[in-house]
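Undergrad: The following block contains the structure, expressed as structure tokens.
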Amino acid sequence: MKMRERSENMLETFSGFNPVLQAFIAGLFTWGCTIVGSSFVFLFKTVNRKVLDVMSGFAAGVMIAASFWSLLAPSITFAEENGYGVWAFVPAAIGFLFGGVFLRLTDAIIPHLHLGEPIENREGPTTGASRNVLLFLAITIHNIPEGLAVGVAFGAAAHGLAGGNTLMGAIGLALGIGLQNIPEGSALSMPIRADGSSRWKAFNLGQLSAIVEPISAVIGALAVVSMQAILPYALAFAAGAMIFVVVEELIPESQTNGNSDIATMGLMVGFTIMMILDVALG
């Protein structure tokens, strides 16, 4: 009973915070989950390829579900309730496509290397950066849309925008992204350790890859709070950026090592958990 009262008091206190601060705290939480996942490098030197593929599949499932339940659906609802009429799909379509274009441009200007790929397959401008740095940059790019999604969700919830977007729904989104950040942190730090780096270096590269999440969360929340008209576009933008990461990175990584069936099950589990979190808490 005391635990429940304490939780209710914490939630009441949190709900009184400025939405930008709420987004920042949520971003710190998702970063903290990456820190937890990266710390597994102190317990294990290597990780089984099958486990990595399941992790990638799980992360993909969470991001797909979050893109629809927490971002695209509220974007369309907001447009319907604010005079777009039969054109309510337009902000969602435009924002979604621009989110994908943004990530594509980011891919093009930042050198990076996807997990499991030889260094000859690095993408972006030619650079002399090491394999570990390129892996770090790839995951960092991946984390930008996650932070934006969290920030936009808290900005929308704080002002009662986007139909049913509530504070609990935004918290559910942060919980889902944080949950998939735990295996994601491991999926980066352990391969870096296996390549011969020290545990501390592998841990630091793993956890620092998510430092962009609280920063992106603040940017997303500020944008929505200061310019409410962009809300449906911002929600869909975050969704498009996340779907780009899923299709361009996570699904190919999980499906090219002979573990496609179990990786697909990981995706379905991730999708289901995120859907439950969003519907139950939203």
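Values quoted throughout were computed directly from the atomic coordinates according to the rules given, and no laboratory measurement underlies them. Quick caveat: nothing in here was measured; it's all calculated off a predicted structure. Don't worry about glycine lacking a Cβ; one is built from the backbone with ideal geometry, like all the others, and counts go over all protein chains shown.
Undergrad: Suppose every K and R has +1 on its Cβ and every D and E has -1 on its Cβ; what is the size of the dipole of region 1-121 about the Cα centre, in Debye to the nearest 20?
TA: Computed about the Cα centre, the dipole is about 440 debye.
Undergrad: Next question. Based on the Cβ-Cβ distance of Leu28 and Thr256, what FRET efficiency does E = 1/(1 + (r/R0)^6) give at R0 = 35 Å, to the nearest 0.05?
TA: 0.55
Undergrad: About the Cα centre of the chain, what is the dipole size in debye to 20, counting +1 per Lys and Arg Cβ and -1 per Asp and Glu Cβ, all else neutral?
TA: 720 debye
Undergrad: Distance from the Cα centre of region 210-282 to that of region 10-49, in angstrom?
TA: Between the Cα centres of region 210-282 and region 10-49 lies a distance of 15 Å.
Undergrad: Right, here's the next one. For the chain, what's the relative contact order in percent, using C-alpha pairs closer than 8 Å and at least 6 residues apart?
TA: Taking the mean separation of contacting Cα pairs over the length of the chain, I get 41 percent.
Undergrad: Let me ask something additional. Let's test the formula: R0 of 30 Å, r as the Cβ-Cβ distance of Trp87 and Met168. What FRET efficiency results, to the nearest 0.05?
TA: 0.50
Undergrad: Pop a pseudo-label 7 angstrom from the Cα along the beta-carbon direction at both Ser198 and Thr126 and give the gap in nm to one decimal.
TA: 3.4 nm
Undergrad: Quick one: length gained pulling Arg49 to Ile94 fully straight, 0.36 nm per residue minus the C-alpha distance?
TA: 12.5 nm
Undergrad: Calculate, in nm to one decimal, what Phe14 and Ser226 gain on full extension: separation in residues at 0.36 nm each, minus their alpha carbon distance. Mind showing how you got there, number by number?
TA: Details: separation 212, 0.36 × 212 = 76.32 nm, distance 2.05 nm.
Stretched out fully, the Phe14 to Ser226 stretch lengthens by 74.3 nm.
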